[in-house]
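The next block holds one structure in the form of structure tokens; read it before the comments.
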Amino acid sequence: MKKRLAIRGDLLDFTAEPGWGETESAAVRFRPDHWLLIEDGRIAAVQAQAPGADWPRADHAGRLVLPGFVDTHVHSPQLDVIGSYGSELLDWLNTYTFPAERRYADAAVAQQGAALFLDALLAHGTTAAVVFPTVHKVSADALFAAAAERGMRLIAGKVLMDRHAPDGLRDDVVQAEADCRELIARWHGRERLAYAVTVRFAPTSTPAQLAMAGRLCAEDATLYMQTHVAENRDEVRWVRELFPEARSYLDVYARAGLLHGRSVLAHGIWLDDTDRAVLRAAGAQIAHSPSSNLFLGSGLFGWREAEAAGAAVTLASDVGGGTSLSMLRTMADAYKVQAMAHQRLTAWKALHAATRGAARALALEHEIGSLEAGRMADLCVWDWAAGPVAERRMEVARGLHEKVFAWLTLGDERCLVAAYVNGVQRHRR
Ligand SMILES: [Zn+2]
């Protein structure tokens, strides 16, 4: 007997990448009042007519159904420092983040933290993520195990940092390589998990450690790589001092063999045209983290420049530098960042980047990011409004783009009704 579920609602997803500034786009697929049929965790069909009486059903008529969001850059141990006052990146790391991450050397702390973090992602409508735990092997083990329990698509890896970090947060090249190899053997390709070679950022790895990370990537093209790049001007200056031979910050990673089609680089605010061309040639993506960039005063990311150069852009919360796990809030902040540069980010462009666009950039388009037969049933059911202001705004909205744009600008996790992973309800309001 196949495990079945039929979900009714207003289905919204994308069949292609919407163009910049297009509020009307052929890439948008809106199927109001449709049924999404799930069999054994996968989407079996989408249809207008109700399924037979033998289908168990979740009737969400009048509600929005979207693919689960993909957060391409977030730190699991940093829920403890979200919303910390008063500093920029380098000071923020030393004052808040490093002390919080040190606690994850303890397996019990790491396990509790991983469960809290993944349940929080689901409660915000995010069903897949690219995640930094800490330098400690146990933190990666705990995170992978908790994701496996929930059936989630998760990409993560033990953080590499062998210098410029306090005691209790440094590894060394030999031990780090052994830990990575052990974690890759244990988790990479198991269930819906994948390993990412995880360089915190260039300043906290010696050239020898970066070279080791590059070797791991060269040995197995199915591994991901995640790191930070060109987030903050003081950081960029520091990287120039530490790596005088490199043409740019990004070039540090290029020289170490860390740029490839599965590389996810957070921020990328202070890049130049040559850097963007290098990203394009490598097929690497920028995980744009607008709420973090605003909160830490890092700068305004040039989405259009990156896209014009052919570099993929996805969206990320970057909690705890970011101030919410909500991808709605992240999209609303992305709109404001672009508005500062007199650019207009459409709801379609933003939603695409958080669903199908992220799936494509992560080479997971066959699995997640859209509502069509064959994909895993990772999806969320949303109310169109939470509270009288949003309710009123929805009443008077004209046209689909206006409605969806107001929804993502005014909405947050209070709009989330249910989150499904592999067709299993993992969160219910
Ligand atoms: Zn980050």
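The values are calculated or read from the model by the stated rules, or taken from the named source; none is laboratory data. In this text the structure is predicted, and so the values were computed from the model without any measurement. Quick reminder, even Gly has a Cβ in these numbers, built from the backbone with ideal geometry, and neighbours come from all protein chains shown. These accessible areas exclude ligands, DNA and RNA; they are computed on the full protein's heavy atoms, side chains included. Shrake-Rupley method; radii C 1.70, N 1.55, O 1.52, S 1.80 Å.
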Q. For Lys137, which lysines qualify as cross-link partners when the Cα separation must be under 19 Å and same-chain residues fewer than eight apart are set aside?
A. Lys158
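How about region 1-87: which GluC sites (Glu not before Pro) there lie in a loop by DSSP and see at most 15 other Cβ atoms within 10 Å? Present the calculation step by step, with values, prior to reporting the outcome.
Working: sites: Glu22, Glu24, Glu39; in loops: Glu22, Glu24.
Answer in residue order: Glu22, Glu24.
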Q.
Rounded to two decimals, what is the ratio between the C-alpha radius of gyration of the chain and 2.2 N^0.38 Å?
A. 0.94
Q. What part of the accessible area of region 18-95, given as a whole %, is carbon or sulfur when the probe is 1.4 angstrom?
A. 47
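Send over a whole-number figure in Å² for the accessible area per residue of the chain, probe 1.4 Å. If you can, show how the numbers build up before the last one.
Numbers: 15830 Å² over 429 residues.
Using a 1.4 Å probe on heavy atoms only, each residue of the chain averages 37 Å².
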(Q) If I take every Cα pair under 8 Å that is 6 or more residues apart in the chain, average their sequence separation and divide by the length, what percent do I get for the relative contact order? (A) 20
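I need the calculated FRET efficiency for the pair Asp91 and Ala53, taking r as the beta carbon distance and R₀ as 51 Å, to the nearest 0.05. All intermediate terms of the calculation are to be shown ahead of the outcome.
Working: r = 62 Å, r/R0 = 1.22.
So the FRET efficiency works out to roughly 0.25.
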**Q.** GNM flexibility winner over the chain from Gln111, Gln343, Gln78 (Cα, springs under 10 Å)
**A.** Gln343
Q: Quick one: which residues, 5 or more positions from Gln226 or on another chain, have an amide H under 5 Å from its amide H? H modelled 1.01 Å from N in the peptide plane, none for Pro or chain starts.
A: Val197, Thr198, Val199, Val264
Q: Go ahead and set up a Gaussian network model of the chain, Cα springs under 10 Å, then flag whichever of His288, His352, His34 fluctuates most.
A: His34
Q) Between Ser289, Ala176, Gly189, whose Cα lies farthest towards the positive end of the dipole of region 69-325 when Lys and Arg beta carbons carry +1 and Asp and Glu beta carbons carry -1, centred on the Cα centre? A) Gly189
Q) Using θ = phi - 60° and the Karplus curve 6.51 cos²θ - 1.76 cosθ + 1.60, what whole-Hz ³J(HN,Hα) does each residue of region 205-212 get, with Gly and Pro shown as x? A) 10, 6, x, 5, 6, 4, 5, 4
**Q.** Qualifying chymotrypsin sites (Phe, Trp or Tyr not before Pro) for region 30-98 [loop in DSSP, other Cβ within 10 Å: at most 16]
**A.** Tyr85
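Rounded to the nearest 5, what % of the DSSP beta bridges within the chain are antiparallel ones? Working shown, then result.
Details: 28 of 62 bridges.
The answer is about 45 percent antiparallel.
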(Q) Ranking request for peptides 327-340, 399-412: highest mean number of other beta-carbon atoms within 10 Å first, then the rest in descending order. (A) 327-340, 399-412
(Q) Treating only the Cβ of Lys, Arg, Asp and Glu as charged (+1, +1, -1, -1), what charge dipole size does the chain show about its Cα centre? Round to the nearest 20 debye. (A) 860
Q | Distance in nm between pseudo-label sites at Gln425 and Glu305 (7 Å out along the Cβ direction from Cα) | A | 4.8
Q: Take the eigenvalues of the Cα gyration tensor for region 1-129, scale each by 5, and report the square roots as semi-axes in whole Å, largest first.
A: 39, 22, 11
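With the cut-off at 19 Å, report for region 77-150 the share of all Cα pairs above it, as a whole percent.
Working: 954 of 2701 pairs.
Considering region 77-150, 35 percent of its Cα-Cα pairs are separated by more than 19 Å.
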Q.
To make sure I understand the rule: partners must be lysines, Cα under 16 Å from the Cα of Lys349, and not fewer than 8 residues away in the same chain. Which ones qualify?
A. Lys336, Lys403
Q) With no solvent and one point on each alpha carbon, what is the Debye value of log10 I(q)/I(0) for region 310-393 at q = 0.11 Å⁻¹? A) -0.37
Q.
At R0 = 51 Å, how high is the FRET efficiency between Met394 and Asp172 if r is their beta carbon distance? Nearest 0.05 is fine.
A. 0.35
Q) In region 154-208, what GluC sites (Glu not before Pro) fall in a loop by DSSP, with at most 15 other Cβ atoms inside 10 Å? A) Glu191
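Computed FRET efficiency, Cβ-Cβ of Asp119 and Arg186, R0 35 Å: what is it to the nearest 0.05? Can you show the working numbers first?
Details: r = 23 Å, r/R0 = 0.65.
After rounding, the FRET efficiency stands at 0.95.
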